[in-house]
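What follows is one structure encoded as structure tokens, with my remarks underneath.
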Amino acid sequence: MDVPTSDSSTELTCREFVEIVTAYLDDALPAEDRVRFEEHMKTCVGCDTFFDQIKETVQLVGRLDEMSISPEAQQVLLGEFRNWKDGD
């Protein structure tokens, strides 16, 4: 998995943090990027909060199966995801 990171000698930006949060949770970051990620999270309240929200979402979604969500809710969620991706 290619993980978009910058020079390991520089601080991580919030944008980079958001881009690699999944790789961090999957334990797929090189050690130096993992350290940069954790250091950024210690000093950035917004990214710390974002990380907690992502972790909680992964835990909740991990317990969902296809039958536990109505077709209507699936369509709403998929529509929101598409709108979010298109707005990027």
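Observations, loosely collected:
- Placing R0 at 22 angstrom, the Cβ-Cβ distance between Ser68 and Thr22 gives a FRET efficiency of 0.45 after rounding to 0.05.
- Note, ³J(HN,Hα) from phi for the range 27-38, Karplus 6.51, -1.76, 1.60, rounded to Hz, x at Gly and Pro: 6, 10, 8, x, 3, 5, 6, 4, 4, 4, 4, 5
- The length gained on full extension between Thr13 and Lys42, counted as 0.36 nm times the residue separation minus their Cα-Cα distance, comes to 9.2 nm.
- With the simple model of a label 7 Å out from the Cα in the direction of the Cβ, Gln59 to Phe81 spans 2.2 nm.
Read-outs: derived from the displayed coordinates by stated rules, not from any lab. The structure displayed is predicted, hence computed values, not measured ones. Because the Cβ atoms are built from the backbone with ideal geometry, glycine has one as well, and the counts that use them run over all protein chains shown.
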